[in-house]
1. Cα-Cα over 26 Å: which of K34/K169; K107/K136; K34/K93?
2. Order R118, R100 by their accessible area, 1.4 angstrom probe, all chains in place, largest first.
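The values are calculated or read from the model by the stated rules, or taken from the named source; none is laboratory data. Since the structure is predicted, the reported quantities are computational estimates derived from the model, not experimental observations. Remember, those area values only see protein heavy atoms, side chains included, never the ligands or the DNA or RNA. Shrake-Rupley method; radii C 1.70, N 1.55, O 1.52, S 1.80 Å.
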Amino acid sequence: MMKRLFQLCSVMALPVALSWAADVVTAVHGTVTKVDAGAKTIAVKAADGTEHTLHFVGKTTVHGTDAGAKDAFKGLKEGSDVVAHYTVKGSEKTAVEVDRVGKDGLKEAHGTVSDIDRGGKKIAIKTADGTVQTFKLADHATEDAGKDVAKGAEKTAKVTVYYTEDAGKKVAHWFEGN
């Protein structure tokens, strides 16, 4: 009886585990090589040469572009330098957020990590002039905090933080080790 109850609970928990796994957000930094309005996709080529085709949906957000752009891609064009955050379901990659970086994109700050508070969703970096800048981490940036900054080197890692400002607060959308 107990074995059957355990099997039943395991089977019932499987869809919950699978839906949770489908929500894992991955990021790629690269250049937009193609915009296909008909298919509602963009292709992003990463520095290692791999190309990622990402589908845009109604919930896809775009930062660092012309706020007045009316098209589905909010002003993203071929040649744009972007960081694309996406989920994968089967073989389809769906863009959750796309941040234009570089000239006229998200703001950048360079420095050495002085503190990461994953629970409080904050990161602080010390810049070259000695000032400390603190950023609120967007949800997917909290996950990225563990990927680009190795354990044990958290407080000595050199990073570039890509951020926006909202009501006077700096919000880090992504960061990468230098």
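1. Working: K34/K169 33 Å; K107/K136 14 Å; K34/K93 15 Å.
Among K34/K169; K107/K136; K34/K93, the Cα-Cα distance tops 26 Å for K34/K169.
2. Values: R118 75, R100 45 Å².
If we order R118, R100 from most to least accessible, we get R118, R100.
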